[in-house]
Amino acid sequence: MPNRLLPITNGYNFRDLGGYQTTNGKIVSWHRLLRSGKLADLDQNDLKLLHSLNLKADIDLRSPAEVKNEPDRYPDQTKYWFNPVFDTDKTRSSKGLAGYGPKADYDPNVGYQHMKNVYHEMITFPSGQAAFKKLFEVALSLNDDQSLIFHCTAGKDRTGVSAALLLATLGVPKKTIQTDYLLSNQTTKAIIDKTVQRIKAEGRTDFFLQNFRDVAGVNIDYLNEAFNTIDNQFGGLEEFLTTTLGLSKTDLHDFRVKFTQ
């Protein structure tokens, strides 16, 4: 992950979408589109780093309860955008498997199926569509020397789909988008492994541990669920962006010019 992982010390999964090659030979601009987990724990050095990247916009994809419990920290020159994909934390990134009850102990498919449903809902729910549209609109409002960061709690699901949509719109190949998405399994591995050990020590079943891993990590099947929904229910990416999200052809052209070189 050369240069892609930002050296943030009090947060995780802070990454730069720059450097990816598009199908027409362009390169996604470095230090413009940043993705991450929560910003609640950033210290002054972390804030200085984001300030040095001329961070203009902080786009918070989390639910109201997540925002209230762990409000963002961001540089003074940064504008905060509350932009929830869901009205509750459907990804359960902030709660793990709390709320599933005993079913998670004996059904190994609970976590996997839940996450596939969530990715489907991100695309089909009006709240998700509005959040994705706002993400593009804020990006389009930036000057060419300014950057934005978009994030949820773990920076892997709501953030992962958002990143995939941005990269796909810029013309980054599918395989590259999938690789970027799956990097979250590396950046969150230590946290997940530590939690698994704690849960195991509590005596939970192997099925529960599998369900936890399915919720805590990312799986290419989840991202494929989102893009298959776009293709099958909305006529493909371009149609989804224009007809469903309401972005114009000019918006898409300007977005590609603004964030590639």
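Within region 6-42, being open to solvent by 10 Å² or more (accessible area, probe 1.4 Å), of a type in the set (A, V, I, L, M) and in contact with a Ser or Thr (Cβ under 7 Å, 6 or more places away or on another chain) holds for one residue alone: 27. Considering only residues that are open to solvent by 50 Å² or more (accessible area, probe 1.4 Å) and out of contact with any helix residue (DSSP H, G or I) (no Cβ under 8 Å at 6 or more places or on another chain), look in region 203-225 and name the one that is nearest to residue 186 (Cα to Cα). Result: 206.
So if I check each of 61, 55, which one is of a type in the set (A, V, I, L, M, F, W, C), over 19 Å from residue 161 (Cα atoms), touching a strand residue (DSSP E or B) at 6+ places or on another chain (Cβ under 7 Å) and in contact (Cβ under 8 Å) with a residue 40 or more places away in the chain? Residue meeting the stated conditions: 55. For beta carbons closer than 9 Å, sequence separation of 6+ or different chains, a first residue in region 225-247 that is within 15 Å of residue 128 (Cα to Cα) and at pLDDT 95 or above and a second that is open to solvent by less than 40 Å² (accessible area, probe 1.4 Å) and part of a loop (DSSP other than H, G, I, E, B), the qualifying pairs are 230/236; 241/247. In the set 229, 250, 242, only one residue is among the hydroxyl-bearing types (Ser, Thr, Tyr) and open to solvent by 40 Å² or more (accessible area, probe 1.4 Å); that residue is 250.
The single residue among 174, 133, 156 that is basic (Lys, Arg) and surrounded by fewer than 17 Cβ atoms within 10 Å (Cβ to Cβ) turns out to be 174.
Within region 5-19, residues that are closer than 14 Å to residue 176 by Cβ and part of a loop (DSSP other than H, G, I, E, B) reach partners that are polar (S, T, N, Q) and open to solvent by less than 20 Å² (accessible area, probe 1.4 Å) with beta carbons closer than 7 Å, at six or more positions or on different chains, in the pairs 18/29.
With the condition kept exactly as written, say whether any residue in region 74-83 is under 17 Å from residue 135 (Cα atoms), of a type in the set (Val, Ile, Thr), outside any loop (DSSP other than H, G, I, E, B) and at pLDDT 95 or above. Steps first, please.
We begin by selecting, within region 74-83, every residue under 17 Å from residue 135 (Cα atoms); these are 78-83.
Right, trim to of a type in the set (Val, Ile, Thr) and you get 78.
If we keep only those that are outside any loop (DSSP other than H, G, I, E, B) as well, we get none.
Scanning region 74-83, I find no residue that is under 17 Å from residue 135 (Cα atoms), of a type in the set (Val, Ile, Thr), outside any loop (DSSP other than H, G, I, E, B) and at pLDDT 95 or above, so the answer is no.
The values are calculated or read from the model by the stated rules, or taken from the named source; none is laboratory data. Keep in mind that this is a model prediction, so the values were computed, not measured. Don't worry about glycine lacking a Cβ; one is built from the backbone with ideal geometry, like all the others, and counts go over all protein chains shown. Accessible surface is based on the protein model in full, side chains and every heavy atom, while ligands, DNA and RNA are left aside. Shrake-Rupley method; radii C 1.70, N 1.55, O 1.52, S 1.80 Å.
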